[in-house]
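Read-outs throughout are calculated quantities, based only on the coordinates presented, and are distinct from any laboratory measurement. As the structure is a computational prediction, the values presented were derived from the model and not from experiment. Don't worry about glycine lacking a Cβ; one is built from the backbone with ideal geometry, like all the others, and counts go over all protein chains shown.
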Amino acid sequence: MTGGYEVERLLRELAPQVLGILVRRFDGFDICEDAVQEALLAAALQWPREGVPDNPKGWLVTVATRRRTEMWRADTARRRRELSAAALAAPQPEPAPSIDDTLTLLLLCCHPSLTTASQVALTLRAVGGLTTAEIARAFLMPEATVAQRISRAKQRIKGSGAGFHLPPPDQLATRVSAALRVLYLIFNEGYTASSGPALHRVELSTEAIRLTRQLQKQRPADGEVAGLLALMLLTDARRPARTGPDGTLVPLAEQDRGLWDGAAIAEGVALITHALAATPVGPYQLQAAIAAVHDEAARADDTDWRQILALYDLLNRVEPGPMVTLNRIVAIAMVEGPAAGLRQLLAHESDPVLAGHYRVDAVRAHLLELAGDHEGARAHYERAAVRTLSLPERRYLRSRASRLVTTGPGPAARVATRPE
Amino acid sequence: MKYLILIYRNPQSREIWENMSPAEQAAGYDAYAAFTEELMATGELIVSEALADPSLSKRVTVRGGRAVPTDGPFAEAKEQLAGIFLVECDSIDRAVQIAARMPGAEHLDVDVRPVLHLAETEP
């Protein structure tokens, strides 16, 4: 199946364009979306076998239009008695407009009336061109649940009265930032250890990068869009070095940096450098800048922690949050020593957002390890392991704890944290 | 985040249920159906199931590679797992809110358990 992968890529690329054309022609986002999904499924079966048609987009538009008409007729027949006779006349197809509707689609899928989980599922299907089955596998959920979630989400959008057009200019920034959040969630969800059930998982992080890249082409002047794309590229670049042969996480400081993806790093650095110089600063740009500083260090010991600390100071002002507080404390420890970090931790641990968070224990464990207190470090790694909800992270924290048991007290360990 | 909501019944809740009139029981089923429907509409429900009577359960013991199913000791237990809801929502607070609205919750015991996920870090 040499063509299978190529066909898949082509279909995902075309999916939002075809959907945009249909919605503009016929209105009714919900039925059009179902019709496009069926056209994509038909193409996925037919094209690898019979070859890609000369005009793949036209083929998809034709098949989706036919399916949409059938669905519309079935739907109309059901509601015939309720509807006026005028509604029975099929709308006249109009020539396809040449504008790219992908952004409109993305913002519609990330509509504020939807729950986050619904936004994610709908975005992956309508904008990403994934099938319901692929989305279900990726999120380890029953296919029927995902199908239902998507159809309910579409009903909800319909009920909200949102039309197929860009939001008014005064709402655009907020709506784009909601979409960025969804894309980042998809990216993080896909950022999993490549073992076990991951075998059949759609590469969600690759998909998130593709969609963010698409968005960046449409909003080239938006620094936060560029920032998020850079952040994803700079993080994903480390993926080959992130897991050991046994599938456990390898912390940043211990990764074989020769395995990092140099091209992705170069692209991410270029993006973030330009964004920081040309646009107002924002949280994604700052996180990307931090990732860039890490990625640019040839060895862990070369990391410019002063610069990272300065960036966290800024981030703390722009968008404070528990992770920023904790990562900033690690940066303080790296610049001023573990004792300074532990003092800061003590000062912050009763902040309501941090109280009881497993990460407080993880950071304390790390700082204690740096300070040479292996017994204390082990206890806090264990506590953090019990409290985290992430399976890979739990495995990682347990391995840190058991390592301290086997090596016993000794010289202060190397930097072993994973703030990124 | 996914949360498993576990619903337990106890002798009192059993007695209350069994003393209900058929109409009251039907209303109880309807309340569950409406509740499930509502969770589907928000997109938060992944799956929900009601469990058959514990007397129908088997305990499977594997020893020396041999699986030995036996009738479970569950029938004697006071608290019985009666059903589950697997939901996906943004926080445990929301999951607790859902659990608290479980029809009949006044007489049942309801636990909310966070589910481990495969992403490398927590959002």
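Could you tell me how many degrees, from 0 to 90 and to the nearest 10, lie between the Cα long axis of helix A:169-190 and the main elongation axis, the longest principal axis, of the Cα atoms of chain A? So the helix axis and the longest Cα principal axis differ by about 70 degrees. Legend: calculated FRET efficiency, A:R213 to A:A277, from the Cβ-Cβ distance at R0 = 22 Å, rounded to 0.05, equals 0.60.
Distance between the pseudo-spin-label points of A:E254 and A:R299 (7 Å out from Cα toward the beta carbon): 1.8 nm. Dividing the mean sequence gap of close Cα pairs (under 8 Å, 6+ apart) by how many residues chain A holds gives a relative contact order of 10 percent.
Take each residue in B:108-120, count the other chain C-beta atoms within 10 Å of its C-beta, and the mean is 5. Each of B:G83, A:Q37, A:A377 was placed along the dipole of the protein assembly as shown (beta-carbon charges, centred on the mean Cα), and the one lying farthest toward the positive end is A:Q37. In this rough spin-label picture, where each label sits 7 Å from Cα along the Cβ direction, the A:V335-A:R9 distance is 4.3 nm. Taking θ as phi - 60° and the Karplus parameters 6.51, -1.76 and 1.60, the scalar couplings of region B:11-26 work out to x, 5, 5, 5, 5, 4, 4, 5, 8, 6, 6, x, 5, 5, 5, 4 Hz in sequence order, x denoting glycine and proline.
The convex hull defined by the C-alpha atoms of region A:103-254 has an orientation-averaged projected area of 9.6 nm².
The residues packed around A:L314, meaning those with a beta-carbon under 14 Å from its beta-carbon, carry a net charge of +1 if Lys and Arg are +1 and Asp and Glu are -1. Bridgeable lysines around B:K58 (alpha carbons under 26 Å apart, same-chain partners fewer than 8 residues away excluded): B:K78. Mean projected area of the convex hull spanned by the Cα atoms of the protein assembly as shown, taken over all viewing directions: 32.4 nm². The GluC sites (Glu not before Pro) of region B:58-123 that meet both conditions, a loop assignment by DSSP and at most 16 other Cβ atoms within 10 Å of the site Cβ, are B:E79, B:E106. Working note: Karplus 6.51/-1.76/1.60 with θ = phi - 60° gives region A:362-374 the couplings 5, 5, 4, 4, 5, 5, 5, 4, 4, 7, x, 8, 6 Hz, where Gly and Pro are set to x.
At an R0 of 22 angstrom, the distance between the Cβ atoms of A:D100 and A:L41 translates into a FRET efficiency of 0.40.
Other residues whose C-beta falls under 9 angstrom from the C-beta of A:V176 contribute a net charge of 0, scoring Lys and Arg +1 and Asp and Glu -1.
With a Förster radius of 41 Å applied to the beta-carbon distance between B:A34 and A:T174, the computed FRET efficiency rounds to 0.75. Counting neighbouring Cβ atoms within 10 Å and putting the fewest first, the residues A:V281, A:V36 line up as A:V281, A:V36. Here chain B was treated as a single set of alpha-carbon atoms; its pair distances binned every 10 Å from 0 give 12, 35, 30, 18, 5, 0 percent. In this rough spin-label picture, where each label sits 7 Å from Cα along the Cβ direction, the B:V96-A:R398 distance is 2.8 nm. With the dipole of region A:209-251 worked out from charges on the C-beta (+1 for Lys and Arg, -1 for Asp and Glu) around the Cα centre, which of A:Q214, A:A230, A:P245 lies farthest toward the positive end? In region A:209-251, that residue is A:Q214. Assuming charge only on the beta carbon of Lys and Arg (+1) and of Asp and Glu (-1), the dipole of chain B about its Cα centre is about 660 debye to the nearest 20. Evaluating 6.51 cos²θ - 1.76 cosθ + 1.60 at θ = phi - 60° for every residue in region A:267-277, the Karplus couplings come out as 5, x, 5, 4, 4, 6, 4, 5, 4, 5, 7 Hz, glycine and proline recorded as x. The residue among A:I150, A:Y284, A:P56 whose Cα reaches farthest toward the positive pole of the charge dipole of chain A, with charges on the beta-carbon of Lys, Arg, Asp and Glu, is A:I150. Its Cα gyration tensor gives region A:264-420 an equivalent ellipsoid; the semi-axes, largest first and in whole Å, are 28, 18, 15.
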